[in-house]
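What follows is calculated from the coordinates using simple rules that are stated; it is not laboratory data. All values reported here derive from a predicted model rather than from experimental measurement. Cβ atoms come from the backbone with ideal geometry, glycine included; neighbour counts cover every protein chain shown.
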Amino acid sequence: MKEKDTQNFNQADERGQRFMKLYMSIQRYLYGFVLSLVANSSDADDIVQETVSVMWIKFDEFEPGTDFAAWAVSIARYRIMNYRQRMQTDKRRFSRHAVEAIDEIAASNKKKDDLRQDTLRQCMKKLSKRDQQVLYLRYEIGATLRNVAGRLGQNTNTLYSHLNRIHIALLHCIERMMSDREGMSS
C-alpha cells in the first residue's frame, strides 16, 4: 500500500472511531426520541437507520465541541418529516404543538439520563479496584457470569452475591449524590 493510501486509510479509521464514540453516547436517546414521535418500533428502527446514514455522510459538517445529540436530533426530525409525508394517509399524526412538547420532554429526559450516567461514573470510581475489575469483566467485556467466576477463581453463586452487593452500593451512592444535587439546586 502506498504511503498516501495508508494515510487516507488511517484518517478514515480515525473518522469512523470518532463517529462511533459520539454515536454510541447518544444511541439510546436518539432511538427514544424517534420512537416517541413515530410510535411504531419497526418504523423507528428504519428512521434511526436512515438518520445514522445521513449523520455518517454529513459527519464532516459536524463541528466538534458542539452538541452531537442536538445535531443528530435535527437530522432525525427531517427523516421523521419525510416519514410523515409518506404516511399521510395514516390518521395517527401529532400536531406541531405535541411534537414540540415531546421534544421538550425528550431533552429534559436526556439531561436527567446524562446526569445519572455521570453520577454512576463518579460512584464507580469510589469502588475498590477489585469491585471495578468485577464490573469491567462482567459488563465491559460482556462475559457470562460463569466465565467471570472462572476467571476470578470464584464459584458462580459467590460472584452473583458480590455483584449484587456492588449494585446495591452503586444504587445507594447514586441516590445519595442525586439527592445532594437536588438539595443544592433548591
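Within segment 93-116, is even one residue farther than 23 Å from ILE26 by Cα and β-branched (Val, Ile, Thr)?
Checked segment 93-116: no residue is farther than 23 Å from ILE26 by Cα and β-branched (Val, Ile, Thr).
Scan (1) more than 30 Å from ILE174 (Cβ to Cβ); (2) free of Cβ contacts under 8 Å to residues at least 12 places away in the same chain for the single condition GLU50 breaks and write down its number.
Here GLU50 clears every test but (2).
Only one residue in ASP45, ASP114 is within 27 Å of MET177 (Cα to Cα) and part of a helix (DSSP H, G or I). Which one?
On the way: ASP45 fails: within 27 Å of MET177 (Cα to Cα).
Step by step, each of ASP45, ASP114 is checked, and only ASP114 is within 27 Å of MET177 (Cα to Cα) and part of a helix (DSSP H, G or I).
Going by the conditions given, is ARG138 of a type in the set (D, E, K, R) and either without any contact (Cβ under 8 Å) to a residue 40 or more places away in the chain or within 30 Å of MET81 (Cβ to Cβ) (or both)?
yes
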